[in-house]
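Engineer: Just passing along the structure, written as structure tokens.
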Amino acid sequence: MTGFLSPDEIALGDRFVADQWLILPVEDADALARIRDRTAALAAGHLGMPLPNDPQHFLDRIGDRVGPARLNDLRLAVIQGLNAESWFRTSYHALARRALSTVVGNELAMQRTVGLSVQLPGDDSSLLPLHCDVWDGDSPYEVVLWLPLVDCLRTKSMCILPPAANARACAGLKGFADRTVDDLFASVEQDLVWLDVPYGHFLLFSQNLLHGNRVNLEPATRWSMNCRFKSLFSPYADKRLGEFFEPITLRAATRLGLDFRFPDGFHD
Ligand SMILES: O=C(O)CCC(=O)C(=O)O
Ligand SMILES: [Fe+2]
């Protein structure tokens, strides 16, 4: 050791500060398979179909069985079913436990419900135009753990604006006050990076950077999850501890500290 952090921690931390996103292999392959398989089972159940033999293929090809009109009901049934599973959030955290500990901290708050995004090829009904969550009630201390359940490449994935281009776009944002988000997209399009995240990997990104998605031009459907994490004692914005976030990795000294009371009359 040459410092307070290990060389690996310094390297990963410096990489995250520089790029503000990371794509790494999941740390718990069984947890990923369990999440993917339960997702496929819930989707099949909602559609009145038997359990699929090949869950990933089934998810990729869901557009053969459901169109845009019924997609949101399917999405809600699946994510509500997953969030109701006692193991779901611990498994989700296990996918990136070490990376989160290094990048965010070892006392974490986690979003109480994980989100799910399903995007059929060619469907423009559930897009998220370019945005920074931090402009709309999220704390700048949050990161998003984004998980593909199928290979998410090119427009089947999401895009993000790298830090230098993001800083330029933010500096010029005043000029967009009376223009549309499509104008903003066009002005940064050449600098946007489409994040290729194959199944078996996660993406961890800062929602302080502009990001979003467009119509999925790939032949298969995108299935991805997202969940926010932050250091428990970092500042909160509109998304509050206890409402939106929940402590997940309280350490012993903190538990003692939170329970501590001065004896009656001590300050009198
Ligand atoms: O999944 C996407 O395309 C965008 C996700 C997003 O905006 C977020 O998780 O903050
Ligand atoms: Fe976002």
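The values are calculated or read from the model by the stated rules, or taken from the named source; none is laboratory data. As the structure is a computational prediction, the values presented were derived from the model and not from experiment. Cβ atoms come from the backbone with ideal geometry, glycine included; neighbour counts cover every protein chain shown. Heads up: the accessible areas ignore ligands, DNA and RNA and are worked out on the full protein's heavy atoms, side chains in. Shrake-Rupley method; radii C 1.70, N 1.55, O 1.52, S 1.80 Å.
Engineer: From the list 113, 155, 102, exactly one residue is open to solvent by 10 Å² or more (accessible area, probe 1.4 Å), of a type in the set (Val, Ile, Thr) and not in a helix (DSSP H, G or I). Which is it?
Structural biologist: Unique residue meeting the criteria: 113.
Engineer: In this structure, does residue 75 turn out to be more than 22 Å from residue 241 (Cβ to Cβ) and in a helix (DSSP H, G or I)?
Structural biologist: Spelling it out, residue 75 is indeed more than 22 Å from residue 241 (Cβ to Cβ) and in a helix (DSSP H, G or I).
Engineer: If you don't mind, there's one more thing I want to ask. Tell me whether the range 228-235 contains one or more residues that are within 18 Å of the chain's Cα centre (by Cα), over 27 Å from residue 182 (Cα atoms) and among the hydrophobic types (A, V, I, L, M, F, W, C).
Structural biologist: yes
Engineer: Which condition number does residue 2 fail, the rest of (1) open to solvent by 70 Å² or more (accessible area, probe 1.4 Å); (2) farther than 28 Å from residue 235 by Cβ; (3) at pLDDT 95 or above; (4) not in a helix (DSSP H, G or I) being met?
Structural biologist: For residue 2, the exception is condition (3).
Engineer: Among the residues that make up the range 126-149, is at least one of them polar (S, T, N, Q), surrounded by fewer than 19 Cβ atoms within 10 Å (Cβ to Cβ) and more than 14 Å from ligand 2 (Cβ to nearest atom)?
Structural biologist: No - not one qualifying residue is present in the range 126-149.
Engineer: I'm trying to understand the selection: among the residues of the range 121-148, which are under 18 Å from residue 96 (Cα atoms) and within 12 Å of ligand 1 (Cβ to nearest atom)?
Structural biologist: Once the filter is applied, which keeps residues that are under 18 Å from residue 96 (Cα atoms) and within 12 Å of ligand 1 (Cβ to nearest atom), the range 121-148 yields 142, 143, 144, 145, 146, 147, 148.
Engineer: Go through the range 190-217 and give me each residue that's out of contact with any strand residue (DSSP E or B) (no Cβ under 9 Å at 6 or more places or on another chain) and more than 16 Å from ligand 2 (Cβ to nearest atom).
Structural biologist: 190, 191, 217
Rundown of residues vs (1) at pLDDT below 95; (2) in a loop (DSSP other than H, G, I, E, B); (3) under 16 Å from residue 117 (Cβ atoms), yes/no style:
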| position | (1), (2), (3) |
| --- | --- |
| 203 | no, no, yes |
| 220 | no, yes, yes |
| 228 | no, no, yes |
| 235 | no, yes, no |
| 238 | no, yes, no |
| 250 | no, yes, no |
| 255 | no, no, no |
| 262 | no, yes, no |
| 267 | yes, yes, no |
